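The values are calculated or read from the model by the stated rules, or taken from the named source; none is laboratory data. All of these numbers come straight from a predicted model, not from anything done at the bench. These area figures cover heavy atoms from the full protein model, side chains too; ligands, DNA and RNA do not enter into them. Shrake-Rupley method; radii C 1.70, N 1.55, O 1.52, S 1.80 Å.
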Amino acid sequence: MTIPPAVGHSAYHTGCRESLGQLYHHHQPWLQQLLRQRLGCGESAADLAQDAFVRLLKTPRHFDSFDGTRAYLSRMAKGLCVDHWRRQDIERAWRETLAVRAEVDMPSVEHHQIVIETLCEIDRMLAQLPEKVVSAFLASQLHGKPYRQIAEELGVSERMVKKYMAQAMLQCALIEAGFEASL
């Protein structure tokens, strides 16, 4: 890989506007092309590339080399794509849910966006929880199953289901309070 002469082996520190500008100038076209290849959509690629640099603006990082910068941006792009695809799946499921509802019940555009954002937050929360906790939470909240039935299905005690539910509800409360859920 050749290093552009303007970049050389100097480091970028995104905490400085000039450095972030250089970083953007030297890597944005490459990052956008990488995202376009992964997503198959130029508009989404442009949006996600911008999101990557906004994240770097919010959380400055120090890069020791051109290759190190590209490696980091590549990992970031992978995560952005996964988030993008998950959001698309959530939006598709929401549209399918709305499709079976009567026209009278259709939410406003603002309400639609709030629901999508909330569902994405719940999805991120569930992705952090152990599989049995997620299964218990979904069985209870989506399917209305009693704890005894959930315990039988998961092969655990009813008391363990209560612990799973407490763990999931704590994460929901943290989301509602605006805190990052950490396990």
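Over region 70-151, accessible surface divided per residue gives 64 Å², non-protein components excluded, 1.4 Å probe.
Taking every protein chain into account, the 1.4 Å probe leaves residue 135 with about 50 Å² of accessible area, to the nearest ten. Ranking of 162, 58, 145, 132 by solvent-accessible surface, largest first: 58, 162, 132, 145 (1.4 Å probe, protein heavy atoms only, all chains present). Within the accessible area of region 69-173, the carbon and sulfur atoms contribute 56%, probe 1.4 Å, all protein chains present. The alpha carbon centroids of region 26-76 and region 114-183 are separated by 33 Å.
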